[in-house]
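Read the figures in this text as sums done on the coordinates, not as results from a lab. These numbers were taken from a predicted model, which means no experiment stands behind them. All Cβ positions, even for glycine, are placed from backbone atoms using ideal geometry, and neighbour counts span all protein chains on display.
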Amino acid sequence: MKTVAILGHFSFHREVLNGQTVKTKIVAQELVRQLSEEQVAKEDTSGRWRFLVRMPFVIPRMLHSSRNVIIMPAFKAIALITPLLIFFNLFFRRRLHYVTVGGRLPLMLRRFPFLKLLMRHFDSIYVETHLVARELKKLGLTNVTVMPNCKPLKIISPELTENTNGSTLRLCTFSRVIPEKGIGDAIAAVCRCNEQGDGQRFELDIYGQVEDEHWFNKLMQQQPDYIHYKGCVGFEDTSQLLSHYFLMLFPTFYPGECFAGTLIDALAAALPVVASDWRSNAELVEEGRTGFLFQVHDIDAMTDIILRLAREPQLVAEMRQACAQKAEKFTPESVLSVLIDKIR
């Protein structure tokens, strides 16, 4: 019998770089590293209708062959997987673990109260931030454990980052390219910086998977030549790439935002972040130490922060040191120990 089976959005059949898939693969890789390949089973929930057909057979097989079952499905699959998992576990009595991605679970449980009852059957629900833990506890759930997001990234020494004190300062966004991640606000702030920067030039590189080509193409048609789309980057190349930038912009207002993986990317690259004060961002971006926060959609405030940091390179250098130090807390080995200890 295997120690653990993971039911999650692995997307084995195509390359997907969203936070859900990346985190599922990271958790699985660390479990394999610590427990061995033979002790870890993996089942993919991607494929929509193809998985729905397989689901009534996959779930009992996992429960039969493993002492622990971890679920990490995409958000829309939770309501389908959880009832079947709880039902079949009445017969198998395995230990069940739910590792969440993002912060939408409290919203979903408020909309579907029957799911809240089912969530009590998990041995533990692992959430990424204290904010989400508090929201779930207000809903009556006591089986909640805070386990931050994590990534196996190379941590860049601040001394090896690119000199960003020149006449052109490069900024970036690094997230899914959707309106709710604040891409339009980031563009607007950089344009204002170039209007107010007293000859200093700012450029913005946008990285990430575009989910609405029509919206994004229309947005980019209106932009000056210092706004660029740079495509997608595998997480193994992230730290080195981001170390060449002056600041990361993260003006998100995405409803399901929790512990954004892009903030770990920035920490590992010794890259300070200018982020919206939205959901759990204040737990992760330490004001004046690893970045600065502004109110959602306050483009003037974001612009002022960028211009201030352009005038104070020593402050940016100090923040780079703090980012690299904090990144050590979010390695898979450190973060996932709480999950692996319970499984063992």
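For an R0 of 22 angstrom, estimate the FRET efficiency from the Cβ-Cβ distance between residue 108 and residue 64 and round to the nearest 0.05. Please report the intermediate quantities before stating the final value.
Working: r = 28 Å, r/R0 = 1.29.
The calculated FRET efficiency here is 0.20.
What shape does the range 125-176 take by its C-alpha gyration tensor, where a ≥ b ≥ c are the square roots of the eigenvalues and a/c under 1.5 counts as rounded, a/b above b/c as prolate, and the rest as oblate? Don't skip to the answer; put the middle values down first.
Working: a/c = 4.33, a/b = 2.73, b/c = 1.59.
In terms of gyration-tensor shape, prolate.
Rounded if a/c is under 1.5, else prolate if a/b is larger than b/c, else oblate: which is the range 199-332, with a ≥ b ≥ c the root eigenvalues of its Cα gyration tensor?
On the way: a/c = 1.39, a/b = 1.21, b/c = 1.14.
It comes out rounded by the Cα gyration axes.
Give me a comma-separated list of calculated 3J(HN,Hα) values for the range 227-234, in order, Karplus coefficients 6.51, -1.76, 1.60 applied at θ = phi - 60°, integers in Hz, x for any Gly or Pro.
For the range 227-234, the Karplus curve yields 10, 10, 9, 10, x, 9, 9, x Hz.
Determine ³J(HN,Hα), in whole Hz, for all residues of the range 267-275 in sequence, where each value follows from phi through the Karplus function 6.51 cos²θ - 1.76 cosθ + 1.60 and θ = phi - 60°; x replaces Gly and Pro.
Whole-Hz 3J(HN,Hα) from phi for the range 267-275: 4, 5, 8, 6, 10, x, 10, 10, 10.
For the chain, modelled as a GNM with alpha-carbon contacts under 10 angstrom, which of 150, 191, 323 fluctuates the most?
So, out of 150, 191, 323, the one fluctuating most is 191.
For helix 299-311, report the angle its Cα long axis makes with the longest principal axis of the Cα atoms of the chain; keep it between 0 and 90° and round to the nearest 10°.
It works out to around 60 degrees.
List the residues whose amide H sits under 5 Å from the amide H of residue 122, counting only those 5 or more places along or on another chain, with H placed 1.01 Å from N in the peptide plane.
none
Between helix 19-35 and the chain, what is the angle of the helix's C-alpha long axis to the longest principal axis, kept within 0 to 90° and rounded to the nearest 10?
Rounded to the nearest ten degrees, it is 60.
By how many degrees, between 0 and 90 and to the nearest 10, does the Cα long axis of helix 49-65 differ from the longest principal axis of the chain?
Roughly 60 degrees, rounded to the nearest 10.
Going by average Cβ density within 10 Å per residue, which order do the peptides 246-259, 111-124 take, highest to lowest? Intermediate results must be reported in sequence, preceding the final value.
Working: 246-259: 22.5, 111-124: 14.8.
Packing proxy ranking, top to bottom: 246-259, 111-124.
Tell me whether the range 1-91 comes out rounded, prolate or oblate; compute the Cα gyration tensor, take square roots of the eigenvalues as a ≥ b ≥ c, and use a/c under 1.5 as the rounded threshold. Could the numbers behind the result be given before it?
Values: a/c = 1.85, a/b = 1.03, b/c = 1.79.
Taking the square roots of the gyration eigenvalues as a ≥ b ≥ c, the range 1-91 is oblate.
How large is ³J(HN,Hα) for each residue in the range 2-8, as worked out from phi by the Karplus curve 6.51 cos²θ - 1.76 cosθ + 1.60 (θ = phi - 60°), to whole Hz, x for Gly and Pro?
6, 6, 8, 10, 10, 10, x
Between residue 168 and residue 240, what is the FRET efficiency for a Förster distance of 30 Å, r being their Cβ-Cβ separation, to the nearest 0.05?
On the way: r = 20 Å, r/R0 = 0.66.
Efficiency for this residue pair is about 0.90.
When the chain is fully extended, how far beyond the present Cα-Cα distance does residue 130 get from residue 212, taking 0.36 nm per residue of separation? Kindly include the intermediate steps, with their values, before the conclusion.
Details: separation 82, 0.36 × 82 = 29.52 nm, distance 3.18 nm.
Answer, rounded to one decimal: 26.3 nm.
Assuming 0.36 nm per residue, please report the length gained on full extension of the stretch residue 283 to residue 300 beyond their Cα-Cα distance.
Details: separation 17, 0.36 × 17 = 6.12 nm, distance 2.30 nm.
Net length gain for the segment: 3.8 nm.
Based on the Cβ-Cβ distance of residue 120 and residue 159, what FRET efficiency does E = 1/(1 + (r/R0)^6) give at R0 = 41 Å, to the nearest 0.05? Don't skip to the answer; put the middle values down first.
Details: r = 50 Å, r/R0 = 1.22.
Efficiency, rounded to the nearest 0.05: 0.25.
Could you give the dipole magnitude of the range 2-147 about its Cα centre, charging the beta-carbon of Lys and Arg +1 and that of Asp and Glu -1, in debye to the nearest 20?
On the way: 23 positive and 9 negative charges, 93 e Å.
The dipole magnitude comes to about 440 debye.
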